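The structure follows.
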């Protein structure tokens, strides 16, 4: 399993186009929004957590089809299916690799981009914490969506149509927790709810995703 | 197909409930039941709607706009029920692999989508005079919009996959996972924003109910919409089964030619 993890990460980093792209996309979104709504600091500060969350979500979405698609095309997914690791384990590891290469950089970069949006000081901390809790769910849900659409030739658009509605609860609780934290309110409830969604996704979705992969490989 | 049907029949003798999953039996039963269902749903919808629109008093504070309730509430109820029916049908397909079940789930999706659109539009039309806005990010409204998105994704997945059995499998998995997330979204949205929409108008708990004058036509419309949904699902499932049969016949012909 560790071998698979290192292989996936190495592929993601070296193959080009995947690793930095999500981060660059995130930066572009954070740059474009001020152009759209105007440079007033108060307005930007108010919408910053929401924009950063939506930006992270879309950046995550960009690289989802790479989770299984390339392996499916060159046949290594079939090898993985017959390997001694259960399919569920493969899915979980691939989602973890996706998170390490896409989710984690976003989490680290978000506070910096928050500065671009003139977010108040406590915001740096809260956007970091909420994204750290929420992005594993994004990767896992995304892996499920990618498993559903892996056999399709033009699955990209469909993938976003399938995955984005599934992101709604994570987005709501994540952005809410960040906003409340920045406002100085108690945000324990949304934080716990968000953590709960992440744990449920990580615990149950590998089974659903593995089932979908098996159907697609049949 | 033929030998599959035979093994299925052998299994069905053990458990009579699953007999209706046999395509032949389903075609027979739905063919017999359809005229009655159509008549009943037309009668109930007609009487309920006409009664509701023309023979109920106008409510204080609401004016005649209250009458949209006879379309809005049944449509909204059926939109949710349709998704639930799809979930049950999908689970049956995943566990017992009855083709009629998968086809019924496929057939129900567009019907449910249309009910969702009707509920959203009638709600907007009602909301303009009452709340002063066509759309508000109220929990109920938002959940319906999310439900609509789920319907769209489900149908798009059906449309995208060529092999019918793979499509049935994948959409069933999506229906199960989607239901869990739709449910979570419902409560997340509740948490996110307190709304304008009134609470439940109908419930078995009598105290909350609206006055009887509105209640009887509303229940008629509700049952009428429900039967209409069954009619639509039957018709669409029959079409799907016939489509499969024609496809099988075409294949057989091509095999004979070759």
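The values are calculated or read from the model by the stated rules, or taken from the named source; none is laboratory data. Everything numeric here is computed off the predicted structure, so don't read it as measured data. Methodologically, a virtual Cβ is constructed for each residue, glycine included, from the backbone with ideal geometry; neighbour enumeration extends over all protein chains shown.
With (1) at pLDDT below 90; (2) surrounded by 16 or more Cβ atoms within 10 Å (Cβ to Cβ); (3) away from chain A (no Cβ under 14 Å) as the list, and residue B:228 as the residue in question, which single condition is left unmet?
In the conditions (1) at pLDDT below 90; (2) surrounded by 16 or more Cβ atoms within 10 Å (Cβ to Cβ); (3) away from chain A (no Cβ under 14 Å), residue B:228 misses (1) alone.
Turning to a different aspect of this structure: Can you tell me which residues in region A:137-158 are surrounded by fewer than 23 Cβ atoms within 10 Å (Cβ to Cβ) and in a helix (DSSP H, G or I)?
Within region A:137-158, A:155, A:156, A:157, A:158 meet the criteria.
Can you tell me how many residues within region B:77-106 are outside any helix (DSSP H, G or I) and farther than 15 Å from residue B:169 by Cβ? Even if it seems obvious, please write down each step before you answer.
First, pick out the residues of region B:77-106 that are outside any helix (DSSP H, G or I): B:97-98.
Next, only the ones that are farther than 15 Å from residue B:169 by Cβ stay: none.
Here the count works out to 0.
Can you name the number of the only condition in (1) surrounded by fewer than 24 Cβ atoms within 10 Å (Cβ to Cβ); (2) modelled with pLDDT under 90 that residue B:70 fails?
Evaluating residue B:70 over (1) surrounded by fewer than 24 Cβ atoms within 10 Å (Cβ to Cβ); (2) modelled with pLDDT under 90 leaves (1) as the failure.
Could you list, in sequence order, all residues of region B:92-108 that are surrounded by 20 or more Cβ atoms within 10 Å (Cβ to Cβ) and farther than 15 Å from residue B:238 by Cα? Lay out the reasoning, then the answer.
Residues of region B:92-108 surrounded by 20 or more Cβ atoms within 10 Å (Cβ to Cβ): B:93, B:98-108.
Correct list: B:93 only.
Test each condition in (1) modelled with pLDDT of 85 or more; (2) buried (at least 16 other Cβ atoms within 10 Å of the Cβ) for residue B:256 and report the one that comes out false.
So the condition that residue B:256 fails would be (2).
Of B:211, B:188, B:248, which residue is away from chain A (no Cβ under 14 Å), at negative phi and at pLDDT below 85?
On the way: B:188 fails: away from chain A (no Cβ under 14 Å); B:248 fails: at pLDDT below 85.
Result: B:211 is the single residue among B:211, B:188, B:248 that is away from chain A (no Cβ under 14 Å), at negative phi and at pLDDT below 85.
Which count do you get for residues in region B:145-167 that are in a helix (DSSP H, G or I) and closer than 19 Å to residue A:211 by Cα?
Looking only at region B:145-167, we keep the residues that are in a helix (DSSP H, G or I), and these are B:145-160, B:164-167.
Restricting the remaining residues to those that are closer than 19 Å to residue A:211 by Cα gives B:153-154, B:157-158, B:160, B:164-167.
So the count comes out to 9.
Separate question: If I filter region A:118-136 for residues that are within 11 Å of chain B (Cβ to nearest Cβ) and in contact with a helix residue (DSSP H, G or I) (Cβ under 7 Å, 6 or more places away or on another chain), do I get at least one hit? Even if it seems obvious, please write down each step before you answer.
Filtering region A:118-136 down to residues within 11 Å of chain B (Cβ to nearest Cβ) leaves none.
No, region A:118-136 contains no residue that is within 11 Å of chain B (Cβ to nearest Cβ) and in contact with a helix residue (DSSP H, G or I) (Cβ under 7 Å, 6 or more places away or on another chain).
Follow-up. Return yes when residue A:163 is touching a residue at least 60 places away in the same chain (Cβ under 8 Å), on the phi < 0 side of the Ramachandran plot, within 11 Å of chain B (Cβ to nearest Cβ) and in contact with a helix residue (DSSP H, G or I) (Cβ under 6 Å, 6 or more places away or on another chain) and no when it is not. If you could, list the steps in order and put the result at the bottom.
Details: touching a residue at least 60 places away in the same chain (Cβ under 8 Å): yes; on the phi < 0 side of the Ramachandran plot: yes; within 11 Å of chain B (Cβ to nearest Cβ): yes; in contact with a helix residue (DSSP H, G or I) (Cβ under 6 Å, 6 or more places away or on another chain): yes.
Against the criterion (touching a residue at least 60 places away in the same chain (Cβ under 8 Å), on the phi < 0 side of the Ramachandran plot, within 11 Å of chain B (Cβ to nearest Cβ) and in contact with a helix residue (DSSP H, G or I) (Cβ under 6 Å, 6 or more places away or on another chain)), residue A:163 qualifies.
Return the total of residues in region A:176-195 being part of a helix (DSSP H, G or I) and either over 19 Å from the mean Cα position of the chain (by Cα) or facing chain B (nearest Cβ under 9 Å) (or both). I'd like the intermediate steps shown before the answer.
Quick first cut of region A:176-195, residues part of a helix (DSSP H, G or I) only: A:176-183, A:188-195.
When the remaining residues are screened for being either over 19 Å from the mean Cα position of the chain (by Cα) or facing chain B (nearest Cβ under 9 Å) (or both), the result is A:176, A:179-183, A:188-190, A:193.
Result for region A:176-195: 10.
Do you know which residues across region A:197-218 are in a helix (DSSP H, G or I), over 19 Å from residue A:65 (Cα atoms) and within 9 Å of chain B (Cβ to nearest Cβ)?
The first filter runs over region A:197-218 and keeps only residues in a helix (DSSP H, G or I), leaving A:197-217.
After this cut, where a residue has to be over 19 Å from residue A:65 (Cα atoms) as well, the list is A:197-200, A:203-204.
Passing the criteria: A:197, A:200, A:204.
If I filter region B:191-207 for residues that are surrounded by 14 or more Cβ atoms within 10 Å (Cβ to Cβ), within 30 Å of residue A:137 (Cα to Cα), within 13 Å of chain A (Cβ to nearest Cβ) and at pLDDT 85 or above, do I get at least one hit?
No - not one qualifying residue is present in region B:191-207.
Could you tell me which residue of region B:131-175 is surrounded by the most Cβ atoms within 10 Å (Cβ to Cβ), considering only residues that are more than 10 Å from every other protein chain (Cβ to nearest Cβ) and over 21 Å from residue B:77 (Cα atoms)?
Only one residue tops the list, namely B:158.
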